[in-house]
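Reviewing the structure listed below.
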Amino acid sequence: MIGLGLATVAIKAVGPVLLGGRQLPPQVLAPVRLLAPALLAALVVTQAFGSGRDLALDARAAGLAAAVAALLLRAPILVIIASAAVATALVRMFA
Amino acid sequence: MSAVDIVPAPAMVPTVRRGYGEGARAVAPMALAIAAFGLSFGVLARSAGLSPWAAVAMSATTFAGSAQFAAISVLAAGGSAVVAVGAGALLNARYAVIGLSAAPALRGPAWLRFLLAQLVVDESWAVAQTSEGVPDRERLIGAAFVLYVSHVGSTAVGAFGLGLLTNPKALGLDAAFPALFLALLRPYLLHRRTLTVAVAGAVLALGLTPVAPPGVPILAAAGAVLIGVSRP
């Protein structure tokens, strides 16, 4: 399992060691700025609906729905996270 | 339409307060969820046959919960160490791309950049985002410090059997992660270009989940930036 640690350390180090602190040229900066929405959206859907190599509609979907509702009500981030956890726990308790 | 045209883009993210303390505060709500998963990782690693020190060493070096759970579950199911490492490394492949995005914020000599690079995880990178499209260095370090202590500390508690056997899923804490990333995605949903990229990233990730190994769908979602760059 030390292998996974070493692999992860190396993967993480590549970008910052090779070009750390340098201003990225504009042609590179433009797509890099757009990485945040692309990857954040991918993290949302895979963590809400992914289950190994399957898609699943389970209690986490209720949590995500609660988070969306809290988001639309302009709730602070702590409330958004807490509503997702509470909704998911409640569905698991009663389903 | 060249990529250069979109550089003076409108502020995509509201101005965030900078500083180590701000980063730590921003990520604090997640420390509880991270700790619950660290605790259960420590327990699961023991039942998969790892020594307590090996479990802690894994959390200290890999510092990425999902990859660790993936590797442990392969081991627990009787898979080989090579397959376990491969599954975890694939899950972490997105950090090559995320590291590229964080690189401008990580100044200093090469050894320092190497160490700072290890602090970049989904949550610290996400809460450190600024309107310039480059994460804020101090927010990233402050957030990562809280996450690291929470992750490694709770793994130790679980691995040495000092904690109660908890099931974070019963508390709904697995749903805290998509909720955090959704909350951090909010400012990007207000502009057409970033909204398009977000939707494309989500569709790519969902579409690839049934056909690609875990981790690859998130990595492939990075390809969604091409839509944003090629469109006005």
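Taken together, the values in this text are just the output of simple stated rules run on the coordinates, not laboratory data. Bear in mind that the values here come from a model prediction, so they are computed numbers and not experimental data. Glycine gets a Cβ as well: all are built from the backbone with ideal geometry, and neighbour counts include every protein chain shown.
Residue check: B:Val146 meets all listed conditions (1) surrounded by 18 or more Cβ atoms within 10 Å (Cβ to Cβ); (2) within 16 Å of A:Val9 (Cα to Cα) but one, namely (2).
Residue by residue, here is whether (1) within 7 Å of chain B (Cβ to nearest Cβ); (2) within 25 Å of B:Ser73 (Cβ to Cβ); (3) assigned to a helix (DSSP H, G or I) holds:
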site: A:Ile11; (1), (2), (3): yes, yes, yes
site: A:Pro16; (1), (2), (3): yes, no, yes
site: A:Val32; (1), (2), (3): yes, no, yes
site: A:Pro37; (1), (2), (3): yes, no, yes
site: A:Ala66; (1), (2), (3): no, no, yes
site: A:Thr88; (1), (2), (3): yes, yes, yes
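Hey, A:Leu6 hits all of (1) part of a helix (DSSP H, G or I); (2) of a type outside the set (D, E, K, R); (3) surrounded by fewer than 21 Cβ atoms within 10 Å (Cβ to Cβ); (4) touching a Pro at 6+ places or on another chain (Cβ under 7 Å) but one; which does it fall short on? Failing condition for A:Leu6: (4). Being crowded, with 22+ Cβ neighbours inside 10 Å, at the interface with chain A (Cβ under 8 Å from one of its Cβ atoms) and touching a Pro at 6+ places or on another chain (Cβ under 6 Å) is a property that does not hold for B:Leu116. Consider the range B:31-77 and keep the residues that are surrounded by 19 or more Cβ atoms within 10 Å (Cβ to Cβ), at the interface with another protein chain (Cβ under 8 Å from one of its Cβ atoms) and among the small types (Gly, Ala, Ser). The one that is nearest to the chain's Cα centre (by Cα) is B:Ala64. Considering only residues in the range B:85-113 that are more than 7 Å from chain A (Cβ to nearest Cβ) and over 14 Å from the mean Cα position of the chain (by Cα), the one that is nearest to A:Ala36 (Cα to Cα) turns out to be B:Ala105.
Here B:Ala156, B:Ala170 are screened, and the one residue that is part of a helix (DSSP H, G or I) and more than 12 Å from B:Gly38 (Cβ to Cβ) is B:Ala170.
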